[in-house]
Each structure stands twice: as C-alpha cells, then as structure tokens.
Amino acid sequence: MDSNSTKEKLQNIDAVADEADLKSCYMQKFRLYETLSKFYMIGRDKNRTFWRVLKIDRLEPSELNIVEDSAIYSEIECCDLLRRVHEGNKSTGGLKFVTTCYGIIGFIKFLEPYYMLLITKRRKIGTICGHNIYAITKSEMVPIPHSTVRSKMAYSKDENRYKKLLCSVDLAKDFFFSYSYNVMFSLQRNLSDHNTTGQSLYDTLFVWNEFLTRGIRNNLQNTSWTVALVHGFFKQVKLSISDSEFNLTIIARRSRHYAGTRYLKRGVNEKGRVANDVETEQIVFTEARDGHPMQISSVVQNRGSIPLFWSQETSRLNIKPDIILSRKDSTFEATRLHFDNLVKRYGKPIIILNLIKTREKRPRETILRAEFANAVRYINKSLRGEDRLRFLHWDLHRHSRCSKATNVLGQLGKVAAYALKLTGIFYSPVTPNMRLDGLSQYSYSENNNVIDHCITEEASINKNNVDTETETSNCYYRDDENKDYGVKPQMLQSGVLRTNCIDCLDRTNVAQYAYGLAALGRQLQVLGFIESPHIDLDNPLAGELMEVYESMGDTLAFQYGGSAAHNKIFSERRGQWKAATQSQEFIRTLQRYYNNTYVDGDKQKAINLFLGHFQPQQGKPALWELDSDQHYAVKRHGLYLTDGSVRSTITRSLSDGNILGESDASIRNLNDTNCQKSSEKPDKHFRSGSTPDIFVCGSDICHCRQIYGGVVKGKNCESGHICYDEHGDACDCSNFLDVDWLSSSGNSCEEELLERSTSISSENIANELVTTETSASESGSSLKGRQSAEELNKDRKYSERFERWVNEGEMHLHFA
C-alpha cells in the first residue's frame, strides 16, 4: 500500500471521527495469528472502519522485537494480507489462528523468554458519559519465542515457579479498563485538562500495568494496542427518588505505589507514598432528555495508611502483632512529601480524619495517634492559612461501643458535611457545545493546579462556609451553558478528605460511607432532585448507598487484608441478629489472621513481580529466597527491589504495654529529653488538656477541658470561640477543630494515651493522683508529673473520681 493511499484513509477516518462517535475509532478487538517466525496481531475499531497490523518476532529467545505496520487497511485488504502471509509460510506450517483478544495487558520476562499477557474475555460493567467500562473475565499468558528456539531455561523449575506466581494475580478480579474514557482519573480531571498524551497515562499512580506495558509503549511510541488497567472497585447502579431515576457509580482506585498486603505494607516510604492508598469517587448523573443536557456530578475522597514509618510483624501466636514505630525521620520529611502529593492531586485544603483509638490498656494505636499529631503540628508550623492541614482525631471504636450505629453515622455525617463545605463538589452540565470526546483525549496533568481560576474562587467561597451551589456563578467554562439550558454553572472540588484508621479498611469504610451519603445529598440537590441536601439515614437511598459502600469495603479489605471488612455498624443498622453478626465478625477475624500469617508472603511477591519491583535475573537469588519486604528494602542479596527504604531506630509497642527502643542508648536519650522537658516552666497561656478528639452534638457546641494556671476548668466553647494551645496559638473550637488545639507536643498533657498512667500536673490536684512519666514517641506526648522516683514506686492508686474522669471521659471536672 502506497503512502498516498494510507494518508487518504487516515483523512477519511478523521472525517468519520469528527462526524460520528469518536469512541469507535479506538481499536477494541484483536485477532492473534502465528507463524514459526512471527506473531501477527490484527486490530480493528468497533465499527469495523479500519484495521492495523502488529508484528512480533518469535526467533529471538530472550529479546522483545515488535514492529507496527504503518499502513491502514480495509477489511478486504487485511484478509488479503493474511492470505499472502499464509502462502509465504506454507513450508513451515503456514499461518495459524491463536486467539481472539480485547487488548494487550503487557509483556514480561522472568529468566529467558518473554510472555505476552492478553485479555481474552471481557464484560461491560458500566458507562460514564457514554463511554463503556469493562472488567476482565479471562486472560491468557502466551510465550513469545517459538518452541524450537527456547533453551532448557525456559522450562526450568524456577521459570515455572515465576509463571505460577504471576498467574496468582487474578486479573479477572477487581481490574477494570476503558478504551475511550480515562478511568484512572476522576471525572473532574477528565473534563478540566486536555493536554497530556497517551503515554503519560501509564505513568500515573493508578495504572497497574505501567511496568508490563513499558516495553511496547517505548518501542511504538503509542498506546493503541494496550489497555491501562486500574485495580480496585467499580460498581454502577440505577436508583430513583420521587419517581425520577439517576445513575450512581462508585469507583475505588488503588495506587500501585507502595502496594501490597496488610502487614507487609504499612505507613509511608521515603518518597511519601503510603500503603493502601485508595481514591474513591462517587459519580451521579442523569441522562439527557426533553432537550436538556446530561448533568453529572462527582466527589472524591481518599484513604491511606498513617504516613509515618511504622510496621507490624506477623505472628502465629498473636492476632494483633506489635506495632513498630521508627524514629528515623525526626523532621517528618516523608510525611510532608505525602501531603504535598495530595495537594498536587486534589488541591487545598487537605482534611485529615484520624479514626484510631484514643484509649488502650496496652498502648498500640495510641502510639501512632500521638506521633501523627506531632507530625501534623510540625508540618503546619511552616504553613499558613488555607495551606495548613486540617486535622481531626475521632475515636470511632470508642464511639461505636458507647452509641448506636445511627448516632455514630449521624456524628460522622456532621463531620462530612463540614468537609464538603470546605472542598465543594464537582458538577457539570454536559452540553452539546462541550466536546464529550475531550474525555477520550487522554486528558490529565500530573500537576493538577491546571484546574484553573475556578478552584481559587471556590476555595475563597468555601473559606466563608457559603454554599458553593449558589455562589459560583463565575465558575463555568462556556458562557452559554447556563443561558441556553437553564442549568447551574460548572462547579469544582478543591481539596480532599483523607480518612484513616490502622488498616484503612473497616472503620475507614464506615466513615467513607457517611461522607458519601452527605455528598449524595449535595449531588442530588445540585442535579435538581431534592431541595435540601440532607438525606436521612432512614431514607431508602441511604440503605441502597450503604450496600454499595459495604460491597466496596469488602472488596478493598480482601485485596489488602485477606478477608471481607468488619461491618458491625452496617449490620446493626440493617437490624441483623447480634449473634449472627458476632459469629460473622469472628470468622472474618480468623480468615484475616490466616491469610496475613500464611498467604500474604506469596501474595506480596506476586504483586512485586507484577509491578516490576522485583525483576528476576539468571545467576542471582530468586524472589522466594529473599525475605518478605516491608519497604521494598530487604536487600540481603543485592539490589533487586527497585524502591528502597530501610528502617532504623525503631520503637516497639510490646504486648505488656512497655515502650522499648532498639538500644539502651536510645532509651537513655529519650529519657534525657523528657527530663529536660519536664523541668521547663509551664506556659502561661491556655493549655489543652483534652484528647485530640471531637464531640459533635445537636447544638453544634463542643466541650473542651483547659488547664490555666494549673487548674482544670470545664468550659463550653460555642462554635467560633477561640481558645489557645500551649504555644499561645489561636485555635478553633468549632466542630471541626484546628490542628494546633488537636495535636500534641512535648509540653502537652495527653491524658487519654494510657489509661493506667494518665495524669495532669497541677498543685490543686496533687493529692488526687500519682503521675508517671511516659513518652509516646521520640518527640512525642510526654505525661509529666512532680513526684520523685521514690514516690513513683509506691503502691498507690488513683482516686475513684480521677479514674472515672479518665475512663468515662467526663467533660467537666472541678476540684475543691
């Protein structure tokens, strides 16, 4: 075929694309043929408009040679080409059909030959703006070299073991893709930026086959033959309200950076990447009808492991292994990098909802709680205004034990509503003059500050807690959108709510549901379905949404934790029999324990192999000969894991409640530091004596205990009241508390850290208690007292009143 004919056909295809559906111009169906010397892959678009040919050499035993035919073929021309190839190879067996497929997942090499991973069956799981989303039903791994050129290494025991390990990554489970919609990006990103090329898609954090496709993409300089796989959760349902239907889509995208299993991937690495980093997007849209455009809205939230250097080691004797906290990053640089990355991804503000425990008989979660507060305080010292991190501790475990599920969800709903006022939601009318094909143009920028001036305007509006639905009249892209169709102008989300517990599974999923319900109310309001943004928990919509979030929680929990999520609150809300719930929870605990202890090691190896973190080499130790990694860092035999992070100077929370350092010197240094701090004079300003927690009530009044001049005083702080922390910084005592008041420092009292050693240093209550000196972290919350070492050794007990105050958390404590 001559170049003029090819050029003419390309022009014809472009003309068809402009007039018809651009989505059909993506190759979506492929047929694989083989000869002794080559594979021939024939690809075509959905409408059978054009055919392309890819040639893969089979005579090279350990190299990958791929050539794309530059010609564009018609169906007749393609059939003629295949006939001629068959005729030319008759002496060696001719051309044989291998399989039909729907895209290349990638190529991988273990010890000698390359393998090609193909999608051989798919199923449609939803649509977004008319773009189909698919899940993989079946995949196949095809060896590239012909059997006549393979050496014994290709059939070796180690080669087969690597193949089996890779195949344990079940591609038919929880992986999804689209040919024409960038499903790895949020709807807002897809509609806001059209500058990035197809190659850059695969470099982003939610594309799991970036490594597998790297060779073919670099060779061909395009992504026409591959599909970008996203790992996580996708579900689309049709719901109705007041006899009007709308579509709800929940997407969870799991980051490929620092990916892995529960006990083998914890905390943060040196690059600021955290374990179990999952972006959840909730999309609501209506179909175009009666001359009105399609309206669509989305909101994004995030979950991720606590961004500190910490870990847990699996134990066959302990279902809850010890928590190991590293003190190597005294300036919290990795934590800062993590939040900087969140700002790039989502804008400002970053709102942190920390759900871990505030009280424990044996300090485990509380160790991380105190250090996380210290990290945020340290980072915020260099930030101002809207740049500062918004930080909230809320012990979901304690509140769920003390309250009914309805009350817990109601309290979380109030936190969610406030967060939504700060970030806003995304909304856009999809009008005829807004090119829908922009969604398919690989549109994303790694620096997401490109979401133009509207974010600045909306952030300014949100700062004053004004409803974005009524105050963003200048925030839309087309002057005639509102005028022609009578719909609201486009709105943008700026910032994100980041939720975490210890595993970021069970408690986190409950909080994310509460946020999703609050967001759904706002989305339905802006779409014109309801007048008030509030959806009651007894509304059928709340139950239907809960089912989707429960399904998402189970899926994410299986991926990271090895069992379905613990859904006690959801079960209680549904009215499930308590004994049945307890039995279910017990079974899931055992299932998670078994998988974490006996299965996750191989699962982590398979993930590292799939993502390219480990690349086998002949003559070097095999992957299974290396220890299971914590931070891609177990480099006992050399540089085989591609992303490094070595932990040192660890602090271990032992089962007996003691905090031990890695060496005696570490303990002495820590104690010396605490002794110096305990000798300092108390600050004259107000000092927060309460735990970093929030108490939300119907009157929107929160209660905080303060220490002034050494006297504990009960105080009701109405919304907007200003109090001060130990450094004299003003801090907000509204329902959403400023980090200066919430977080702890070396001079503060963390009275709920350890039930048996909590105290307040004050002359007025010296006779009420005996205080101890404890440290929760290197820079951490130290609980100081005035007693001498001899007094500390005396067998004295707290008074009943003080114990009741610590254990029950009474808000007002007065001393005579």
Original post:
Going by the conditions given, is Glu77 of a type in the set (D, E, K, R) and in contact (Cβ under 8 Å) with a residue 24 or more places away in the chain?
Top reply: yes
**OP:** Output the number of residues of the range 129-185 satisfying the condition of being in contact (Cβ under 8 Å) with a residue 60 or more places away in the chain and either surrounded by fewer than 17 Cβ atoms within 10 Å (Cβ to Cβ) or part of a loop (DSSP other than H, G, I, E, B) (or both).
**Re:** 23
Original post:
How many of the residues in the range 239-256 are open to solvent by 30 Å² or more (accessible area, probe 1.4 Å) and either modelled with pLDDT under 95 or within 12 Å of Ile128 (Cα to Cα) (or both)?
Top reply: 5
**OP:** Take the range 216-238 and flag every residue that is in a loop (DSSP other than H, G, I, E, B) and open to solvent by 50 Å² or more (accessible area, probe 1.4 Å).
**Re:** Gln221, Ser224
Original post:
Taking Lys320 and the conditions (1) open to solvent by 30 Å² or more (accessible area, probe 1.4 Å); (2) at pLDDT 90 or above, which numbered condition does it fall short on, given that it satisfies the others?
Top reply: (2)
Original post:
Just wondering, is there one or more residues in the range 569-582 that are outside any loop (DSSP other than H, G, I, E, B), in contact with a His (Cβ under 9 Å, 6 or more places away or on another chain) and farther than 24 Å from Lys488 by Cβ?
Top reply: no
**OP:** Read through the list (1) more than 24 Å from Arg253 (Cα to Cα); (2) assigned to a helix (DSSP H, G or I), then give the number of the only condition that Met552 fails.
**Re:** (1)
Original post:
Of these, Ile535, Ile587, which one is aliphatic (A, V, I, L, M) and under 19 Å from Val237 (Cα atoms)?
Top reply: Ile535
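Every residue, every condition in (1) modelled with pLDDT of 95 or more; (2) more than 28 Å from Ser563 (Cβ to Cβ); (3) open to solvent by less than 10 Å² (accessible area, probe 1.4 Å); (4) assigned to a helix (DSSP H, G or I), yes or no:
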{"site": "Leu497", "(1), (2), (3), (4)": "yes, no, yes, no"}
{"site": "Gln512", "(1), (2), (3), (4)": "yes, no, yes, yes"}
{"site": "Leu517", "(1), (2), (3), (4)": "yes, no, no, yes"}
{"site": "Ile530", "(1), (2), (3), (4)": "no, yes, no, no"}
{"site": "His534", "(1), (2), (3), (4)": "no, yes, no, no"}
**OP:** Could you look through the range 414-442, keep only residues that are open to solvent by 20 Å² or more (accessible area, probe 1.4 Å) and modelled with pLDDT of 90 or more, and pick out the one that is farthest from Gly198 (Cα to Cα)?
**Re:** Lys414
Original post:
Under 7 Å by Cβ, and 6 or more places apart or on different chains, what pairs join a residue from the range 537-549 that is touching a residue at least 40 places away in the same chain (Cβ under 8 Å) and under 19 Å from Arg303 (Cβ atoms) with one that is assigned to a helix (DSSP H, G or I) and among the hydrophobic types (A, V, I, L, M, F, W, C)?
Top reply: Leu545/Leu517; Leu545/Leu520
Subject >> Set Arg345, Arg377, Arg359: member being touching a strand residue (DSSP E or B) at 6+ places or on another chain (Cβ under 9 Å) and surrounded by fewer than 23 Cβ atoms within 10 Å (Cβ to Cβ) >> reply: Arg345
**OP:** Would you check if there is a residue in the range 362-369 being within 19 Å of the chain's Cα centre (by Cα) and β-branched (Val, Ile, Thr)?
**Re:** no
Subject >> Cross-chain or 6+ apart pairs with Cβ under 7 Å, the range 282-295 first and assigned to a strand (DSSP E or B), then modelled with pLDDT under 80 >> reply: His292/Tyr485; Met294/Ala288; Met294/Val430; Gln295/Val487
Subject >> Evaluation of Leu524 against (1) under 23 Å from the mean Cα position of the chain (by Cα); (2) open to solvent by less than 10 Å² (accessible area, probe 1.4 Å) (one fails), failing number >> reply: (1)
**OP:** Could you check, for the range 48-56, whether at least one of its residues is touching a residue at least 40 places away in the same chain (Cβ under 8 Å), assigned to a strand (DSSP E or B), more than 30 Å from Cys129 (Cα to Cα) and open to solvent by less than 60 Å² (accessible area, probe 1.4 Å)?
**Re:** yes
**OP:** From the list Arg478, Arg507, pick out the single residue that is at pLDDT 90 or above and among the basic types (Lys, Arg).
**Re:** Arg507
Original post:
Only one residue in Val268, Val278, Val274 is under 26 Å from Cys129 (Cα atoms) and either in contact (Cβ under 8 Å) with a residue 40 or more places away in the chain or open to solvent by less than 20 Å² (accessible area, probe 1.4 Å) (or both), so which one is that?
Top reply: Val278
Original post:
For the range 190-205, which residues satisfy the criterion of being surrounded by fewer than 20 Cβ atoms within 10 Å (Cβ to Cβ), modelled with pLDDT of 80 or more and in a helix (DSSP H, G or I)?
Top reply: Ser200
Subject >> Any chance Phe39 is of a type in the set (Phe, Trp, Tyr), touching a Gly at 6+ places or on another chain (Cβ under 8 Å) and either modelled with pLDDT under 95 or surrounded by 15 or more Cβ atoms within 10 Å (Cβ to Cβ) (or both) >> reply: no
Original post:
Is at least one residue of the range 206-215 assigned to a loop (DSSP other than H, G, I, E, B), open to solvent by less than 10 Å² (accessible area, probe 1.4 Å) and over 17 Å from Ile119 (Cα atoms)?
Top reply: yes
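The values are calculated or read from the model by the stated rules, or taken from the named source; none is laboratory data. Model, not experiment: these values are computed from the prediction. Reconstructed Cβ throughout: ideal geometry from the backbone, glycine too, with neighbour counts over all protein chains shown. Ligands, DNA and RNA are stripped out before the accessible areas are found, and what is left, the full protein with its side chains, is counted by its heavy atoms. Shrake-Rupley method; radii C 1.70, N 1.55, O 1.52, S 1.80 Å.
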